[in-house]
Amino acid sequence: MAENFQKLTAIRGMNDLLPADSARWERLERLARDWLRSYGYRNIRTPVLEFTRLFTRGIGEVTDIVEKEMYSFTDSLNGDLLAMRPEFTAGTVRAAIEHNLLYDRPQRLFSMGPVFRHERPQRGRYRQFHQISVEAMGFAGPDVDAELIVMLARLWQILGLTDIRLELNSLGASEERAAHRDALIAYLEGFKDQLDEDGKRRMYTNPLRVLDTKNPALQEMANGAPRLLDFLGAESLAHFEGVKQRLDDAGIAYTINPRLVRGLDYYNLTVFEWVTDRLGAQGTVCGGGRYDGLIGLLGGKPAPAVGFAIGMERLLDLWSQGDAAEAEPECDVYVVHQGDAAARRAQRIGEQLRDAGLDVIVHAGSASFKSQMKRADGSGAEIAVILGDDELAAGEASVKTLRSQADGSPGTQRRVALDALADTLIQSFDSDVD
Ligand code: ATP
Ligand code: MG
């Protein structure tokens, strides 16, 4: 009974994006699309829901995502085990295999949109959040690894971000990781008593993740652990060198972080993160790396691949700092009218102005002239077109500039023939741009 009266709210950790904020999102999305296109990346859109087994296989059973963060449920209609995508890579690889995208050429692909993880919500950590995810499939690198990183440096430049730094590591090949893993387990066994529950369990299942601990008491243990970099063979080292050389060529600074392992199982060779100190604890804005084994693991013909994912909420948070959001106008022109005949005419005029390429709001509903003008002002429009009995009788409209002029003088008002209205307004907007 009581639940009938429960207040309807959004789900915790899943945010509404209101118009005041969505303008900034749209701007970021536009910039990002242009930036992606400038490197030849094309958009792929895969479903929000996939079979859960795609992620357990593709991301790994012993990862935070699969162990505790995935929205996985049984489809009550047919019993299928489904999951909301917690990231884009697995779905993109699935689609590339299913549609044979890598048959005759490599692919540069990107996705942009919501992903879902059941985490404890806090700043920079939500349950529905957004990623820009980029996958270069069919490329062995190291050239394309470096290209992806250079590409990200350009995005930071486009957005005017400076306090963001690059951390780099190599995870080598699977045999190298296996040798390192044995050494690491032997080392961790010496610290068994100090490890927490997660650590004790992970020590054997995913010992690299034990080093990823945020527990300050375990930092010394983690610092002294055998380094994967010391286990890399000639080929892996050459790949790593190739990436570093190209970053040097591009003038991109980085620090080698031998402890950087990333949360997902499937990475090999190059891994990297872009980190900032300006977002508190959730400072990783972008993470990426190579995943040469994933396509084969998911049933495709094996092909190398590399990619990254940007957390859009964190990026926007960083981008907003020091740059007060300026409200975007709702329209260019707001049409105010009085009387039935004028109201009907106003609707047609709105369509004509839109034909001419203007963004137009025609006042809807009846209201006093004064309150319509107030609404026009509030819309951010530059111009109000006013249609009253007088104007209509003369076949004219009054055109009023709403924002005060650059020199501080108040707006002007003049009469314009309805026939010439669209042209006149277009001209005045064009001369504004000059
Ligand atoms: P973290 O260590 O912060 O949990 P992660 O390694 O789980 O990050 P990835 O799976 O690499 O993150 O996702 C790529 C990016 O997506 C991250 O670098 C971050 O910017 C963003 N991100 C990850 N989880 C969240 C979340 N719950 N809310 C908002 N953004 C997130
Ligand atoms: Mg995480």
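The values are calculated or read from the model by the stated rules, or taken from the named source; none is laboratory data. Just so you know, these numbers come straight off a predicted model, no measurement behind them. For neighbour counting, all protein chains shown are included, and Cβ atoms are generated from backbone atoms with ideal geometry for every residue, glycine included.
Of the set (1) away from ligand 1 (no atom under 13 Å from the Cβ); (2) at negative phi; (3) in contact with a helix residue (DSSP H, G or I) (Cβ under 8 Å, 6 or more places away or on another chain), all apply to LYS244 but (3).
Kindly establish whether ARG45 is touching a residue at least 40 places away in the same chain (Cβ under 8 Å) and outside any helix (DSSP H, G or I). Yes. For the stretch 366-386, a tally of residues being closer than 9 Å to GLN338 by Cβ and either touching a Ser or Thr at 6+ places or on another chain (Cβ under 8 Å) or outside the structural domain of LEU425 (by TED's automatic domain parsing) (or both) returns 1. Within the stretch 277-310, being at pLDDT 95 or above and basic (Lys, Arg) holds for ARG290, LYS301.
The set of residues in the stretch 65-91 that are under 23 Å from MET112 (Cβ atoms) and either away from ligand 1 (no atom under 14 Å from the Cβ) or surrounded by 19 or more Cβ atoms within 10 Å (Cβ to Cβ) (or both) comprises ILE65, MET70, LEU82, ALA83, MET84, ARG85, PRO86, GLU87, PHE88, THR89, ALA90, GLY91. In the set ARG108, ARG123, only one residue is among the charged types (D, E, K, R), away from ligand 1 (no atom under 12 Å from the Cβ) and assigned by TED's automatic domain parsing to the domain that holds LEU279; that residue is ARG108.
Just to confirm my filter: which strands (runs of 3 or more DSSP E) fall fully inside the stretch 48-141 and include at least 3 residues that are touching a residue at least 60 places away in the same chain (Cβ under 8 Å)?
Working: elements: 49-51, 72-74, 81-84, 107-116, 128-137.
Fully inside the stretch 48-141 and qualifying: 107-116, 128-137.
Of the residues making up the stretch 190-201, at least one is of a type in the set (Asp, Glu) and over 23 Å from LYS68 (Cβ atoms).
If you go through the stretch 176-191 and pick out every residue that is in a helix (DSSP H, G or I) and in contact (Cβ under 8 Å) with a residue 12 or more places away in the chain, you end up with 11.
Do we have any residue at all in the stretch 266-276 that's surrounded by 17 or more Cβ atoms within 10 Å (Cβ to Cβ) and modelled with pLDDT under 90? Break it down stepwise before answering.
Keep residues of the stretch 266-276 that are surrounded by 17 or more Cβ atoms within 10 Å (Cβ to Cβ), which gives 266-276.
Checking the rest, the ones that are also modelled with pLDDT under 90 come to 266-267.
Looking through the stretch 266-276, at least one residue is surrounded by 17 or more Cβ atoms within 10 Å (Cβ to Cβ) and modelled with pLDDT under 90.
Among the residues of the stretch 239-294, those identified as within 15 Å of ligand 2 (Cβ to nearest atom) and among the charged types (D, E, K, R) are ARG262, ASP265, GLU273.
The set of residues in the stretch 295-322 being in contact (Cβ under 8 Å) with a residue 60 or more places away in the chain and away from ligand 1 (no atom under 14 Å from the Cβ) consists of ILE295, LEU297, LEU298, GLY299, GLY300, LYS301, ALA303, PRO304, ALA305, SER320.
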